[in-house]
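> The following block contains the structure, expressed as structure tokens.
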């Protein structure tokens with residue numbers, strides 16, 4: 001699993017001109033799933049995300065997690081995170097999992113994040129054309145790939 005994590009002051013996802021989800025202070029997570037991902041990747045990535053100390057404390061030091069600040073999470077599935085661009089100008093998405101694999105893993109990822117947060121995690125809609133808006137706070141953007149955890 002590959003995730004792009006942005007600390008945001010607000011974020012939303014719109015589908016067919018209607019806002020599906022929106023959050024205030026928290027994390028916007030774009031997550032890409034590949035065929036080799038499993039529940040171990042979900043558990044490791046979810047735990048890492050909710051514990052990331054990327055929010056500032058009273059001394060303006062990034063020392064607090066999304067849990068510490070009572071923030072929210074908006075998780076969006078994005079297969080393009082697994083794009084390969086070595087050959088030609090058209091990206092290849094061969095590493096991205098097909099929906100029959102990706103959808104259940106994405107759903108379990110969202111459930112696990114919700115469990116760790118102690119509240120519902122907002123989402124987009126798997127496979128839909130979405131417009132994602134965010135105000136990146138900092139800016140702070142972190143990329144984590146579960147295949148590179150060691």
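The values are calculated or read from the model by the stated rules, or taken from the named source; none is laboratory data. Bear in mind the structure is a predicted one, so any value in this text is a computation, not a measurement. A quick note on method: Cβ atoms are made from the backbone with ideal geometry, for glycine too, and the neighbour counts reach across all protein chains shown.
> For the range 51-68, name all the residues that are over 16 Å from the mean Cα position of the chain (by Cα) and either in contact (Cβ under 8 Å) with a residue 24 or more places away in the chain or exposed (fewer than 13 other Cβ atoms within 10 Å of the Cβ) (or both).
55, 57, 58, 59, 60, 61, 62
> Evaluate the following for residue 108: is it modelled with pLDDT under 95, touching a helix residue (DSSP H, G or I) at 6+ places or on another chain (Cβ under 8 Å) and surrounded by 13 or more Cβ atoms within 10 Å (Cβ to Cβ)? Before you say what the answer is, go through the steps one by one.
Numbers: modelled with pLDDT under 95: no; touching a helix residue (DSSP H, G or I) at 6+ places or on another chain (Cβ under 8 Å): yes; surrounded by 13 or more Cβ atoms within 10 Å (Cβ to Cβ): yes.
No.
> Scan the range 1-28 for residues that are free of Cβ contacts under 8 Å to residues at least 60 places away in the same chain and closer than 14 Å to residue 122 by Cα and report the count.
4
> Which residues, counting only those in the range 109-150, are touching a residue at least 24 places away in the same chain (Cβ under 8 Å), under 13 Å from the mean Cα position of the chain (by Cα) and assigned to a helix (DSSP H, G or I)?
109, 110, 112, 113, 146
> Looking at the structure I just gave you, is residue 42 farther than 17 Å from residue 111 by Cα, surrounded by 20 or more Cβ atoms within 10 Å (Cβ to Cβ), modelled with pLDDT of 95 or more and within 13 Å of the chain's Cα centre (by Cα)?
It is false that residue 42 is farther than 17 Å from residue 111 by Cα, surrounded by 20 or more Cβ atoms within 10 Å (Cβ to Cβ), modelled with pLDDT of 95 or more and within 13 Å of the chain's Cα centre (by Cα).
> Identify all residues within the range 91-108 that are touching a strand residue (DSSP E or B) at 6+ places or on another chain (Cβ under 6 Å) and assigned to a helix (DSSP H, G or I); write none if there are none.
Answer for the range 91-108, where residues must be touching a strand residue (DSSP E or B) at 6+ places or on another chain (Cβ under 6 Å) and assigned to a helix (DSSP H, G or I): just 106.
> Please verify whether the range 84-94 includes one or more residues that are under 15 Å from the mean Cα position of the chain (by Cα) and at negative phi.
no
> Within the range 16-36, how many residues are surrounded by fewer than 21 Cβ atoms within 10 Å (Cβ to Cβ) and farther than 23 Å from residue 93 by Cα?
9
> Also, quick follow-up: If the Cβ limit is 6 Å and pairs must be 6+ apart or interchain, which residue in the range 88-101 that is under 18 Å from residue 77 (Cα atoms) pairs with which residue that is in a strand (DSSP E or B)?
92/84; 95/34; 97/34
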